[in-house]
Amino acid sequence: PDWSRVLRCPEIVIEHRQVSTPGRTDRNLNILEAELAAGKRTARNLYYYANELRERGRLQEAAGVYAEYLQHPAAPWERYQALLHLAACNGSGAPIREAIQLDASRAEAWVRLAQLLGRGGQWGEAVECWDTAICCVRPGEGMIVEECYSEAWLRDCLATAAYQAGDNQRALRESLLAIRLGSPESGRLRANLPAYLSRLPL
């Protein structure tokens, strides 16, 4: 998914995009570094400074700043997002699990955990996470990754996890559901169906 910087509230949508104007690329970074150098290590400054570092690929530095930010009180949705960013920076599953403990109703952390488990070959556990993500209702506020609330995409991912877990019947069922829901990957999903069918018991 595109873990973009988009804040959605019931009445408004605010999207922060990178500005490519020459000479302004590091404007926000420079402002935040000046604030922090002046001793203004507020939760707000730390959060946005960590974001700037992460977007520049300075992941180790960003992880340290996110960890410091998480020592401060903060809005739950922002803390949730910081935990997922921290996990992306340090490759650890612990912040993802903490995000789930903070708010298990959101899909983003379940998706990240499913992906992490899949990379580790823990496909059975990944299937459970994809199942949970499908049940999550898109929230009305906070940083939202739209793909994580797309049932067609989630069922596509679930089909892959089920196949890897050896459950070809489930992989077949989820692929058919994803196709029915209008997945843009319908061609690939259809191409996979014969392989699933061939592995089903007679």
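The values are calculated or read from the model by the stated rules, or taken from the named source; none is laboratory data. No experiment lies behind these values; they were computed from the predicted model shown. Note that each Cβ is placed from the backbone with ideal geometry, even for glycine, and that neighbours are counted across all protein chains shown. Heavy atoms of the whole protein, side chains included, go into the accessibility calculation; ligands, DNA and RNA do not. Shrake-Rupley method; radii C 1.70, N 1.55, O 1.52, S 1.80 Å.
So in the stretch 104-162, with the set limited to residues that are farther than 27 Å from Ala75 by Cα and part of a loop (DSSP other than H, G, I, E, B), which one is most open to solvent (accessible area, probe 1.4 Å)?
Filtering the stretch 104-162 for residues that are farther than 27 Å from Ala75 by Cα and part of a loop (DSSP other than H, G, I, E, B), the one most open to solvent (accessible area, probe 1.4 Å) comes out as Gln122.
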Residue list for the stretch 83-126, restricted to those being within 17 Å of Tyr69 (Cβ to Cβ) and among the small types (Gly, Ala, Ser): Ala87, Ala88, Ser92, Ala94, Ala99
So which pairs qualify, if the first residue must be in the stretch 175-186 and without any contact (Cβ under 8 Å) to a residue 12 or more places away in the chain, the second must be hydroxyl-bearing (Ser, Thr, Tyr) and surrounded by 15 or more Cβ atoms within 10 Å (Cβ to Cβ), the Cβ gap must be under 8 Å, and the two must be at least 6 apart or on different chains? Ile179/Ser186
Just the residues that are in contact (Cβ under 8 Å) with a residue 24 or more places away in the chain and either open to solvent by less than 20 Å² (accessible area, probe 1.4 Å) or not β-branched (Val, Ile, Thr) (or both), please, taken from the stretch 27-52. Asn28, Leu29, Arg41, Ala43, Leu46, Tyr47, Ala50, Asn51, Glu52
Residue by residue through the stretch 53-71, note down the ones that are among the aliphatic types (A, V, I, L, M) and open to solvent by 50 Å² or more (accessible area, probe 1.4 Å). Leu59
Is it true that Ala171 is open to solvent by less than 50 Å² (accessible area, probe 1.4 Å), over 19 Å from the mean Cα position of the chain (by Cα), at pLDDT 95 or above and closer than 18 Å to Leu113 by Cβ? no
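Of the residues Ala114, Ala99, Ala88, Ala50, which is among the hydrophobic types (A, V, I, L, M, F, W, C) and over 25 Å from Leu154 (Cα atoms)?
Ala50 is the lone residue from the list that is among the hydrophobic types (A, V, I, L, M, F, W, C) and over 25 Å from Leu154 (Cα atoms).
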Flag if Gly23 is at positive phi, at pLDDT below 90 and open to solvent by 50 Å² or more (accessible area, probe 1.4 Å): yes
Show the residue pairs that are 6+ apart or on different chains and have beta-carbon atoms under 6 Å apart, the first residue being within the stretch 71-84 and closer than 15 Å to Val145 by Cα, the second being surrounded by 22 or more Cβ atoms within 10 Å (Cβ to Cβ) and hydrophobic (A, V, I, L, M, F, W, C). Tyr80/Ala99; Leu83/Ala99; Leu84/Ala99
Any chance Gly57 is at positive phi, part of a loop (DSSP other than H, G, I, E, B) and either under 19 Å from the mean Cα position of the chain (by Cα) or modelled with pLDDT of 90 or more (or both): yes
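For the structure I just gave you, tell me whether Ala63 is without any contact (Cβ under 8 Å) to a residue 60 or more places away in the chain, part of a helix (DSSP H, G or I) and not polar (S, T, N, Q).
So Ala63 passes the test.
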Quick check on my filter: what residues within the stretch 174-202 are open to solvent by 60 Å² or more (accessible area, probe 1.4 Å) and of a type in the set (Asp, Glu)? Glu185
